[in-house]
Amino acid sequence: MNILLTGGAGYIGSHTCVTLQKQGHAVIVLDNLCNSRAVSLDRVAEITGRPVIFYPMDLRDRKGVRAVFEAHTIDAVVHFAGLKSVAESVEKPLIYYQNNIDATLALCEVMVAYGVKNLVFSSSATVYGNPETVPIEEGAPTGPFNPYGRSKLYIEEILRDLHQSDPSWNITLLRYFNPVGAHPSGRIGEDPSGVPNNLMPYISQVAVGKLQELAVYGDDYPTPDGTGVRDYIHVMDLAEGHARALEKITPGSGLVTYNLGTGKGCSVKEMIAAFEKTSNRHIPFKIVGRRPGDVPSCYADPSLADKELNWRARRSINEMCADAWRWQSMNPDGYPL
């Protein structure tokens, strides 16, 4: 298939690009590089032995996006593009709503114009908010705590309305939990700007000496050790989940929703211990106040994806830590400028 990846130069997008290219798909990437680097795609080409067609472009540039659809026969779209920081979304909610929602509207408008009706959307477990029970099933109530999560939920609702208006659309909503790790080659990985918002790159940068210590946001949650519990999933498992979702899309497959996670919760302190063991590095940390928008515990029930996509997360916490450390130690400052 010819597959368009929006936001394909980013962390999850670049790893999914590797998986799809190795499966023989032709991948076209559209990315405005606001929180990614084009060099990631050069390294994807190095890993796969195949160049990536890349358009440095904002999705809200409707004229530009139409030109991409004019130049290529697109069979399906995987929509990763969007701002993604929970903390930043609390500080700058209007930017998150304007960027994430308008970009999706622009994409869908162009897809309608060119008759492309196969879409995999990169949603998030943040749509569940503070879950009533864990593990979380897809039918659990939604109620995101922060603008980032709400932007994802609003996009899901837009896509449901689109499918309702035209059932010939085939849409898969992938709610994934906490992506970590890197490609085992160490050539691509997570490269956040400034102090990381996510736990694994924060730990990695402390381990490599780029940051002095890790800030642990709260140790008074109602969890076994007081720190937040999350479902950490290896980014390559996540990439394979997108590939399975694309395989599942067929005429008449409709709109479906899947959790992509391991089904197991891991606390911040447990992750620190696993990383220390794997990297043989000490991770100094300090306890600071809770972050707005964080919830105590959040992990998936991934059984529906197992049943319908024949997908399950296979890589362990130790593999996640080992691959993250390999990426960080080989690229202490991330991708070159």
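Read-outs: derived from the displayed coordinates by stated rules, not from any lab. Model, not experiment: these values are computed from the prediction. Here Cβ is always computed from backbone atoms with ideal geometry, including for glycine, and neighbour counts include all displayed protein chains.
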As an exercise, take the mean of 1/r over every pair of distinct alpha carbons in the chain, invert it, and state the Kirkwood radius in angstroms. 20.1
Could you tell me the calculated FRET efficiency between Val90 and Glu319, based on Cβ-Cβ distance and R0 = 35 angstrom, to the nearest 0.05? 0.65
Place +1 on the Cβ of every Lys and Arg and -1 on the Cβ of every Asp and Glu in the chain, take the dipole about the Cα centre, and give the residue among Gly7, Phe145, Ala26 whose Cα lies farthest towards its positive end. Ala26
Under the definition of Cα pairs under 8 Å and six or more residues apart, what whole-number percent is the relative contact order of the chain? 20
For a label point 7 Å along the Cα-to-beta-carbon line of Ser168, residues of the range 99-116 with backbone N under 16 Å: 109-116
Once you charge only the Cβ atoms, +1 for Lys and Arg and -1 for Asp and Glu, what is the size of the charge dipole of the range 121-236 about its Cα centre, to the nearest 20 debye? 360
Kyte-Doolittle at least 0.0, axis length at least 15 Å by Cα - qualifying DSSP helices, the chain: 11-22, 102-113, 268-279
For the chain, calculated [θ]222 nm from helices alone, where every DSSP H run of n ≥ 4 adds -39500 (n - 2.57): -11500 deg cm²/dmol
If packing is taken as the mean number of other Cβ atoms within 10 Å per residue, what is the order of 280-289, 56-65, 145-154, highest first? 145-154, 56-65, 280-289
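Looking only at the chain, where both bridge partners belong to it, what percent of the DSSP beta bridges are antiparallel (to the nearest 5)?
Percent antiparallel among DSSP bridges in the chain is about 5.
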Fewest-first sequence of Ile233, Ile158 by Cβ atoms within 10 Å of each Cβ: Ile158, Ile233
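What length, rounded to one decimal in nm, is gained on full extension from Glu213 through to Glu157, with 0.36 nm per residue of separation minus their alpha-carbon distance?
16.1 nm
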Tail weight of P(r) past 19 Å, computed on alpha-carbon pairs of the range 46-168, percent: 55
Alpha-carbon centroids, the range 1-49 and the range 307-327: separation in whole Å: 19
